Amino acid sequence: MKKTVLTFGLISGFIMIALMTLTLVLSERIGFGHNLVLGYTILIAGSVLVFFGIRSYRENIGGGQISFGRAFAVGILITLIASVCYVVTWEIIYFNFMPDFADKYAAYMIEKARAAGESAQKIQAIADQMKSMKAMLNNPFLNAAFTFLEPLPIGLIVTLISAAILRKKPGPPVNDAVAA
């Protein structure tokens, strides 16, 4: 199980890392409004490897059979490895290459509220919320915890669906004497 989980977890993590990095590089052109949708699309794309990892385990190690519990274990371990890859990469990017990310996001949210015609009180509330968000993001442990919560729920859902679809119990034994 270890080889399958590591292989598919790292491939899934690599997909998430590559696409996240590309999105961040292009974020100024794309805009924060589209980044959210694109970001979750990336997480779903990376999580698809959970299905293939469970299927690979079933076919290559389980002899064509796998219980829901074993499939869930394989899938959630793949998800955890991919999520750790994603979080570590985000931490490196945020603290070393994009320390102004929170400021840019705050400016975007405040401008969005202004463009929507929100009251000065509502805009100030958003500014205060963004200030506290920045303080939380500047704490590496809180930043990692919040970042971990991005891919984990998606991976959990994909794991549950994949485990349900791919579970395969042994069929009834074939009696060769009757067939003859």
Provide a single number: the residues in segment 92-123 that are open to solvent by 30 Å² or more (accessible area, probe 1.4 Å), in contact with a helix residue (DSSP H, G or I) (Cβ under 9 Å, 6 or more places away or on another chain) and assigned to a helix (DSSP H, G or I).
12
With the condition kept exactly as written, say whether any residue in segment 100-116 is under 20 Å from the mean Cα position of the chain (by Cα), modelled with pLDDT under 90 and over 30 Å from Phe68 (Cα atoms).
yes
Is there a residue in segment 69-79 that is at negative phi and loosely packed, with under 13 Cβ neighbours inside 10 Å?
yes
Under 8 Å by Cβ, and 6 or more places apart or on different chains, what pairs join a residue from segment 52-69 that is of a type in the set (Lys, Arg) with one that is open to solvent by 60 Å² or more (accessible area, probe 1.4 Å)?
Arg58/Gln65; Arg58/Lys168
In segment 130-167, what residues are buried (at least 17 other Cβ atoms within 10 Å of the Cβ), of a type outside the set (A, V, I, L, M) and farther than 22 Å from Thr89 by Cβ?
Ser162, Arg167
What pairs can you find where one residue is in segment 94-119 and closer than 15 Å to Lys134 by Cα, the other is in a helix (DSSP H, G or I) and of a type in the set (S, T, N, Q), and their Cβ atoms are less than 7 Å apart, with a gap of 6+ or different chains?
Tyr94/Asn143
Tell me, yes or no, whether segment 2-24 has at least one residue that is over 30 Å from Pro170 (Cβ atoms), free of Cβ contacts under 8 Å to residues at least 24 places away in the same chain and among the β-branched types (Val, Ile, Thr).
yes
In segment 1-57, residue surrounded by the most Cβ atoms within 10 Å (Cβ to Cβ) [restricted to those that are of a type in the set (Phe, Trp, Tyr) and either farther than 30 Å from Ala102 by Cβ or in contact with a Lys or Arg (Cβ under 9 Å, 6 or more places away or on another chain) (or both)]
Phe8
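The values are calculated or read from the model by the stated rules, or taken from the named source; none is laboratory data. Source: prediction; values computed, not measured. FYI the Cβ positions are ideal-geometry reconstructions off the backbone, even for glycines, and counts take in every protein chain you see. Each accessible area value is taken on the protein alone, full model and side chains, heavy atoms only, with ligands, DNA and RNA left out. Shrake-Rupley method; radii C 1.70, N 1.55, O 1.52, S 1.80 Å.
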